[in-house]
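**Student:** One structure follows; several queries about it will come next.
No lab work stands behind these numbers, since they all come straight from the coordinates. No experiment lies behind these values; they were computed from the predicted model shown. We place every Cβ from the backbone using ideal geometry, glycine too, and count neighbours over all the protein chains shown.
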Amino acid sequence: MVINIDENLDSRFGHMLGGQGPAKGSLIGILQKTQEIYGYLPKSAIWAIAEKTGIKTAKIIGVATFYSQFKLEEPGKHQILHCKGTACHVNGASIIEDAANAFFESSNRPLSENGVTADGMFSLESVACLGCCSLSPVMMVDGVAYGSLNAEKTKKILGGVASGSLRE
Amino acid sequence: MRVVVGMGSCGIAAGAGPVYDSLKAGLEGHASAQLSIAGCIGSCYFEPIVDLIDDSGNKTTFAKVNERTAKEIAKMAIGEENRASFFLMPQEGHDFLAKQTRIVLRNAGSINPEEIDEYIAVSGYSALKKCLSGYSSEDVISQMEISGLAGRGGAGFPTWFKWKAARDAPGRQKYLICNADEGDPGAFMDRAILEGDPHAVIEGMVIAAYAIGASIGIVYCRAEYPLAIKRLKKAISDAYAGGFLGSSIYGTEFSFDLEIKEGAGAFVCGEETALIASLEGERGMPRQRPPYPAASGLWQLPTNINNVETFANVPWIINNGARAFAKHGLQTSRGTKVFALTGKIKNSGLVEVPMGMTIHDLVFNIGDGGAGVKAVQMGGPSGGCIPRELFDTPIDYKSLQQTGAIMGSGGMVVMDESTCMVDIARFFLEFTCNESCGKCVHCRIGTKRMLEILERIVAGEGQMEDLGLLESLATQVKEGSLCELGKSAPNPVLTTIRYFRDEYEAHIEDKKCPAKHCRALVSYSIDPGACTGCSVCKTGCPVNAISGEPQETHKIDSSACTRCSNCLRVCNFGAVLAN
């Protein structure tokens, strides 16, 4: 696999990694910072971390795949977190997923198996709980939580995000 | 005059951001009206909430504020003619708060969590001063013992006992950890406390550190709570600047450093040995105890771990006296507990009540639960479903355990006749199966097999033998797992079989879902007599399975319908029928 890493980002990564001391137990923090830079954990970054810290690649991948926060593939431009907490489940969380999928289909950007739309615009991921249970069902788009959703509201919000007209 | 906007995560999700902007614009140029923010007061169903506080401290509260009504409130604040009184918080909103006993949530929603001075103004950090200037570490621990404070993370272990064990453990370097990895789906108490009153948690931690002799503290907070982390970071840096953290606190020899570590998303890390592994940069897998963390924890050094809510109680206990705390609640469970009341209930939000209140009082008197309520789920994936017949059960650690559920961290999801209990069991098993760390075979594979059986049942392909099989697997998973995740994973299945066996039988024998929830066993149609042709269902249908001209009876195409139930929920005329 060929990895294209933006040079500008690359220098931020190099700077972050270079500034890491030999602090014990810092692997998760390094991975979090890496993901902050790239949006996911590119293979080349994992190799670079292994080389710098002396931690084996297998172990890094082991840690990265254990925690749900880490992504090994590039996510979409806009990240949709669909809450699957208990309160959301009881109040019809599956409607959000159906509505999102319907929106992707109607706007000609089918969702691929890795959860990213064909045009790279959206990624859809379910999360255990966003902690906004009293506004269930809830989804979060690019860090902003939207509550008390139904199918129509969901489609409207995603439409607004796609066209860039949604107020941040 | 002060204008305060509730800006917890839930307030922001309900639209508090634009409300704040609108107030800011309306108050511009009027120095007499100060705009500020507060955390979540708990009445989430009335968010966004705005308070007007006049110079003598009288408070006027507005509910469900939007950008337009915010303009009216701004006019009221600056003494212009306005229509703000139309948007006052209804009496029931005030009653919701009046029925509670707020110790942990004493400041949440009333002080600005980003200003340390507002915390100090409500006697913040005075408990710490009292401890450092007049109490020995034994005194502090003995105060905790008299208060009867027990771990609010779920296990209910006496706090003083853990502190004493860590204090007595040999070693010069000790760690204190705050578990803010609130992973139970359906619980958000810790988030609200951290967002609304972060200094209370910090002060509780410094007092605990003094009691056990710890010099380094870590708050392990889940990354899904960005606002809590942001406010906590600010609070920690302000506490350093104020001399409440760092070296020589209050001029004594006592020093304590505090930092935040973000969790990376693993439910099992709520378990203390898994949390420690995660802090060490490893996969968060629990290990056998003993040795307990008090003897050998982070980096094999003595470590004490308590939950956010536990720490938030500590300054109140020191300030008001351990006996004042012990007066609340029952002999066996002292004090109060914060619950996240959600699900099929009108007044959803955060409530803090004395231990010993019955489930009935909490759900109906405070939560205003409807006639259709049939159960409440407590304790999340480790807990169970308590049926309405048992709603007279008092909320204390022991009584709840007898029902098969647990106190847990405080998630309380109310369920009504539209909630399928078999599906709820499947939902929790799916969660624990995903979150099993994989160390113990019974937890890793047993939960998977249980999930497959439950999936079969909700798909209408179950057999009566499946119930026995589920019960037998449940016993094996409980016995064959090292940590509480596995030991308690079967609880949701066991309690639903115990109390709602008829629902399982209906799925298996009659191929019916009594709650009309399970997609394989339900179909939707429109009642021509009730349909007004308003098209709300048609517009909302994600798969365009509904057809019909405006003002004419609509029709659902069963072959295209995915049974998502959106039409049933949005119809205002009860015209959508589930069969």
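**Student:** Percentage of Cα-Cα pair distances in segment A:1-122 greater than 18 Å, rounded to whole percent? Display every interim value, and only then the final one.
**Tutor:** Working: 4470 of 7381 pairs.
Of all Cα-Cα distances in segment A:1-122, 61 percent exceed 18 Å.
**Student:** Mind checking segment B:395-469 for chymotrypsin sites (Phe, Trp or Tyr not before Pro) that DSSP puts in a loop (not H, G, I, E or B) and that have at most 14 other Cβ atoms within 10 Å? Working shown, then result.
**Tutor:** Numbers: sites: B:TYR397, B:PHE427, B:PHE428, B:PHE431; in loops: none.
Nothing satisfies the criteria.
**Student:** When the chain is fully extended, how far beyond the present Cα-Cα distance does B:ASN579 get from B:HIS30, taking 0.36 nm per residue of separation? Don't skip to the answer; put the middle values down first.
**Tutor:** Details: separation 549, 0.36 × 549 = 197.64 nm, distance 6.00 nm.
Value of the extension gain: 191.6 nm.
**Student:** Also, I was wondering about something else. Report ³J(HN,Hα) in whole Hz for each residue of segment B:495-509, in order, from the Karplus equation J = 6.51 cos²θ - 1.76 cosθ + 1.60 where θ = phi - 60°; Gly and Pro get x.
**Tutor:** In residue order, the calculated couplings are 5, 5, 5, 5, 9, 10, 4, 4, 5, 4, 5, 5, 5, 7, 8 Hz.
**Student:** Looking at chain B, what % of its DSSP beta bridges pair antiparallel, to the nearest 5? Don't jump to the answer; show the numbers that get you there.
**Tutor:** Numbers: 33 of 60 bridges.
DSSP beta bridges in chain B are roughly 55 percent antiparallel.
**Student:** Restricting things to alpha carbons, tell me how big segment B:116-325 is in terms of Rg and Dmax, in Å.
**Tutor:** Rg, Dmax (Cα atoms, Å): 15.7, 45.
**Student:** So if I place +1 on the C-beta of Lys and Arg and -1 on the C-beta of Asp and Glu, and nothing else carries charge, what would the dipole magnitude of segment B:336-416 be about its Cα centre? I want it in debye, nearest 20.
**Tutor:** Details: 6 positive and 7 negative charges, 32 e Å.
About 160 debye.
**Student:** Specify, per residue and in Å³, the volume enclosed by the convex hull of the alpha carbon atoms belonging to segment B:421-509.
**Tutor:** On the way: hull volume 6.2 nm³, N = 89.
For segment B:421-509, the hull spanned by Cα atoms encloses 69 Å³ per residue.
**Student:** Assuming R0 = 51 Å, what is the FRET efficiency of B:GLU549 and A:SER148, from their Cβ-Cβ distance, to the nearest 0.05? All intermediate terms of the calculation are to be shown ahead of the outcome.
**Tutor:** Numbers: r = 30 Å, r/R0 = 0.58.
It comes out at approximately 0.95.
**Student:** Let me ask something else about it. Based on the Cα gyration tensor of segment B:59-191, what are the three equivalent ellipsoid semi-axes, each the root of five times an eigenvalue, rounded to whole Å and given largest first? Don't jump to the answer; show the numbers that get you there.
**Tutor:** Working: eigenvalues 350, 69, 41 Å².
For segment B:59-191, the ellipsoid semi-axes come out as 42, 19, 14 Å.
**Student:** Using +1 at the Cβ of each Lys and Arg and -1 at the Cβ of each Asp and Glu in segment B:474-574, identify which of B:CYS561, B:PRO528, B:GLY548 lies farthest towards the dipole's positive end.
**Tutor:** Checked the options; the winner is B:CYS561.
**Student:** Once you average over the residues of A:89-101, how many Cβ atoms of partner chains fall within 10 Å of each Cβ? The partial results should precede the final answer.
**Tutor:** Working: counts 11, 17, 8, 7, 1, 7, 8, 3, 2, 8, 6, 1, 3.
If you average over the peptide's residues, the count of other-chain Cβ atoms is 6.
**Student:** Can you give the Rg and Dmax of segment B:523-578 based on its C-alpha atoms, in angstrom?
**Tutor:** 9.6, 25
**Student:** Using just the helices of chain A, give the 222 nm mean residue ellipticity in deg cm²/dmol: DSSP H runs with n ≥ 4 each add -39,500 (n - 2.57), and the total is spread over all residues, rounded to 500.
**Tutor:** Working: 7 runs with 76 residues, N = 168.
Theoretical 222 nm ellipticity from helices: -13500 deg cm²/dmol.
**Student:** Stokes-Einstein at 10 °C, 1.306 mPa s, Kirkwood radius from Cα pairs: D for chain B in µm² s⁻¹? Spell out each step's value before the answer.
**Tutor:** Details: Rh = 25.6 Å.
Taking Rh from Cα pairs, D becomes 62 µm²/s.
**Student:** Can you give the mean number of other chain Cβ atoms that lie within 10 Å of the Cβ atoms in peptide B:211-221?
**Tutor:** 0
**Student:** Moving on. For segment B:286-431, rounded, prolate or oblate, judged on the Cα gyration tensor with a ≥ b ≥ c (square roots of eigenvalues), a/c < 1.5 rounded, else prolate if a/b > b/c?
**Tutor:** Numbers: a/c = 2.34, a/b = 1.36, b/c = 1.72.
Note, shape of segment B:286-431 comes out oblate.
**Student:** Mind checking which of B:PRO354, B:ILE395, B:VAL373 is farthest towards the positive end of segment B:336-416's charge dipole, using Cβ charges of +1 (Lys, Arg) and -1 (Asp, Glu) about the Cα centre?
**Tutor:** Of the listed residues, the answer is B:VAL373.
**Student:** What nm distance separates the two modelled labels at B:ARG498 and A:ASN101, each placed 7 Å from Cα along Cα→Cβ?
**Tutor:** Between B:ARG498 and A:ASN101, the label points sit 3.6 nm apart.
**Student:** While we're on this one: Where the centre of each part is set by its Cα atoms, how far does segment B:542-579 sit from segment A:64-135, in angstrom?
**Tutor:** Using only Cα atoms to place each centre, the spacing works out to 25 Å.
**Student:** Give the longest segment of chain A that steers clear of trypsin sites (Lys or Arg not before Pro) in DSSP loops with at most 14 neighbouring Cβ atoms within 10 Å, not counting the sites themselves. Kindly include the intermediate steps, with their values, before the conclusion.
**Tutor:** Values: sites that count: A:LYS24, A:LYS56, A:ARG167.
With a cap of 14 other Cβ atoms within 10 Å, the longest stretch comes to A:57-166.
**Student:** Across segment B:10-20, in residue order, what do the Karplus-derived ³J(HN,Hα) couplings come to in whole Hz, using 6.51 cos²θ - 1.76 cosθ + 1.60 with θ = phi - 60° and x for Gly and Pro?
**Tutor:** Once θ is set to phi - 60°, the couplings for segment B:10-20 become 6, x, 5, 5, 7, x, 5, x, x, 5, 4 Hz.
**Student:** What are the aspartates and glutamates whose alpha-carbon lies under 18 Å from the alpha-carbon of B:LYS555, with same-chain residues fewer than 8 places away excluded?
**Tutor:** Hits, sequence-local ones excluded: B:ASP527.
**Student:** Related question: Note the full-extension length gain between B:THR475 and B:ARG444 as 0.36 nm times their separation in residues minus their Cα-Cα distance, in nm to one decimal.
**Tutor:** 9.7 nm
**Student:** Let me ask another. Once all Cα-Cα distances of the protein assembly as shown are split into 20 Å bins that start at 0, what whole-number percent is in each one?
**Tutor:** Taking every Cα pair in the protein assembly as shown, the percentages come to 16, 50, 31, 3, 0.
**Student:** About the Cα centre of segment B:523-578, what is the dipole size in debye to 20, counting +1 per Lys and Arg Cβ and -1 per Asp and Glu Cβ, all else neutral?
**Tutor:** Dipole size: approximately 200 debye.
**Student:** Keeping to pairs on different chains or 8 or more places apart, tell me how many lysine pairs in segment B:116-325 have Cα atoms under 18 Å apart. If you can, show how the numbers build up before the last one.
**Tutor:** Values: B:LYS162/B:LYS174; B:LYS164/B:LYS174; B:LYS174/B:LYS261; B:LYS230/B:LYS261; B:LYS233/B:LYS261; B:LYS234/B:LYS261.
Step by step, the pairs that qualify in segment B:116-325 add up to 6.
**Student:** Cβ neighbours within 10 Å, averaged per peptide: list A:88-96, B:322-330, B:495-503, B:244-252 in order, most packed at the top. Intermediate results must be reported in sequence, preceding the final value.
**Tutor:** Values: A:88-96: 25.1, B:322-330: 17.6, B:495-503: 19.7, B:244-252: 15.7.
The most tightly packed comes first, giving A:88-96, B:495-503, B:322-330, B:244-252.
**Student:** If you filter segment B:131-218 for trypsin sites (Lys or Arg not before Pro), then keep DSSP loop positions with at most 11 other Cβ within 10 Å, what is left? Intermediate results must be reported in sequence, preceding the final value.
**Tutor:** On the way: sites: B:ARG152, B:LYS162, B:LYS164, B:ARG167, B:ARG172, B:LYS174, B:ARG191; in loops: B:ARG152, B:ARG172, B:LYS174.
Passing both the DSSP loop test and the Cβ count: B:ARG172.
**Student:** So, R0 is 45 Å and r is the distance between the beta-carbons of B:ASP54 and A:SER44; what FRET efficiency does that work out to, to 0.05?
**Tutor:** Values: r = 61 Å, r/R0 = 1.35.
FRET efficiency, B:ASP54 to A:SER44: 0.15.
**Student:** Each label point is 7 Å from the Cα along the Cα-to-Cβ direction; what then is the distance between the points at A:LYS33 and B:MET464, in nm?
**Tutor:** Between A:LYS33 and B:MET464, the label points sit 6.4 nm apart.
**Student:** Taking the simple approach of a point 7 Å from Cα along Cα-to-Cβ for both B:SER559 and B:LYS511, what is their distance in nm?
**Tutor:** Taking the simple label geometry, B:SER559 and B:LYS511 are separated by 2.0 nm.
**Student:** If I take every Cα pair under 8 Å that is 6 or more residues apart in segment B:393-479, average their sequence separation and divide by the length, what percent do I get for the relative contact order? All intermediate terms of the calculation are to be shown ahead of the outcome.
**Tutor:** Values: 52 pairs, mean separation 18.6, N = 87.
Rounded, it is 21 percent for segment B:393-479.
**Student:** Tell me what chain B gives for mean residue ellipticity at 222 nm when only DSSP H runs of n ≥ 4 count, each as -39,500 (n - 2.57), the sum divided by the residue total, rounded to 500 deg cm²/dmol.
**Tutor:** -11000 deg cm²/dmol
**Student:** Lysines near B:LYS64 by alpha-carbon distance under 23 Å, same-chain residues fewer than 8 away left out - which ones?
**Tutor:** Answer for B:LYS64, where 23 Å is the Cα cut-off: A:LYS153, A:LYS156, B:LYS24, B:LYS75, B:LYS99, B:LYS344, B:LYS346, listed by chain and number.
**Student:** Sticking with this structure for a sec: Given H placed on each backbone N at 1.01 Å, which residues far from B:LYS374 in sequence or on other chains put an amide H within less than 5 Å of it?
**Tutor:** Sorted by chain and number, the residues that satisfy this are B:MET415, B:ASP416, B:GLU417.
**Student:** Ranking B:THR273, B:THR101, B:THR432 by Cβ neighbours within 10 Å, fewest first, what do you get?
**Tutor:** Working: B:THR273 22, B:THR101 17, B:THR432 27.
The fewest-first ordering by Cβ neighbours comes to B:THR101, B:THR273, B:THR432.
**Student:** With r as the distance between the Cβ atoms of B:ASN66 and A:SER163 and R0 = 35 Å, compute the FRET efficiency 1/(1 + (r/R0)^6) and round to 0.05. Before the final figure, lay out each step's value.
**Tutor:** Working: r = 23 Å, r/R0 = 0.66.
Given R0 = 35 Å and the Cβ-Cβ separation, E is 0.90.
**Student:** Additional query: Pop out the ³J(HN,Hα) list for segment A:111-118 in order, Karplus 6.51 cos²θ - 1.76 cosθ + 1.60 with θ = phi - 60°, rounded to Hz; leave Gly and Pro as x.
**Tutor:** Along segment A:111-118, the couplings run 7, 8, 4, 7, x, 10, 6, 4 Hz.
**Student:** Debye calculation, C-alpha points only, no solvent: report log10 I(q)/I(0) for segment B:2-98 at q = 0.12, 0.14 Å⁻¹, in the same order as the q values.
**Tutor:** At q = 0.12, 0.14 Å⁻¹ the computed log10 ratios are -0.32, -0.44.
**Student:** How big is the dipole moment of segment B:116-325 about its Cα centre under a simple scheme where the beta carbon of each Lys and Arg is +1, that of each Asp and Glu is -1, and everything else is neutral? Debye, nearest 20, please. Present the calculation step by step, with values, prior to reporting the outcome.
**Tutor:** Working: 19 positive and 24 negative charges, 62 e Å.
Roughly 300 debye, rounded to the nearest 20.
**Student:** Using Cβ counts within 10 Å as a stand-in for footprinting exposure, how do B:ASP184, B:ASP257 rank, fewest first? The partial results should precede the final answer.
**Tutor:** Details: B:ASP184 28, B:ASP257 15.
Going from sparsest to densest Cβ surroundings: B:ASP257, B:ASP184.
**Student:** Could you tell me the largest-minus-smallest coordinate of the C-alpha atoms of segment B:345-421 on each of the three principal axes, in descending order and whole angstroms?
**Tutor:** 28, 26, 20
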